[in-house]
Amino acid sequence: MTQLKIHSEVRTTPGDKDGSVLINLESGRVFSLNGVGAKIWTKLEERLTFEAILDSLAQEYDISYEQLRTDLERFIYELEKKGLVEPVAEAVSYSVTKGASHGVRA
């Protein structure tokens, strides 16, 4: 199971249905998350594995498991790319189409 770690220099506002704001104190960059992104971030703060987050979201949303996995992989990829999270247990590879922001805006 893939465990993800929030970068030690990232702080966040409490998330709700409208979203959340993240700041990377190291880089000074600020990011916004939509409501679903904030929900995923909260699960990352709870130190849930990728698979546990996926299973939790699958119970909440009426979307195919495969589509949900793809969307979550893209979102996590964006978080990693922006230096907000990092894998701690094993290397993670994502097949992501470039160009889309997938809910993380700087």
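Structure data summary
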{"item": "Enumeration of residues in the range 45-74 that are within 20 Å of G15 (Cβ to Cβ), acidic (D, E) and within 13 Å of the chain's Cα centre (by Cα)", "result": "E45, E46, D71"}
{"item": "In the range 17-47, the residues that are hydrophobic (A, V, I, L, M, F, W, C) and surrounded by 14 or more Cβ atoms within 10 Å (Cβ to Cβ)", "result": "V21, L22, I23, F31, L33, V36, A38, I40, W41, L44"}
{"item": "Meets criteria (surrounded by 13 or more Cβ atoms within 10 Å (Cβ to Cβ) and more than 26 Å from I23 (Cα to Cα)) for A58", "result": "yes"}
{"item": "Residues being under 13 Å from the mean Cα position of the chain (by Cα) and touching a residue at least 24 places away in the same chain (Cβ under 8 Å) - total across the range 11-44", "result": "14"}
{"item": "Any hit, the range 64-72, residues being of a type in the set (D, E) and at pLDDT 95 or above", "result": "yes"}
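The values are calculated or read from the model by the stated rules, or taken from the named source; none is laboratory data. This structure is a prediction, so every number in the text was calculated from the model and none was measured. Note that we place each Cβ from the backbone using ideal geometry, even for glycine, and neighbour counts take in every protein chain shown.
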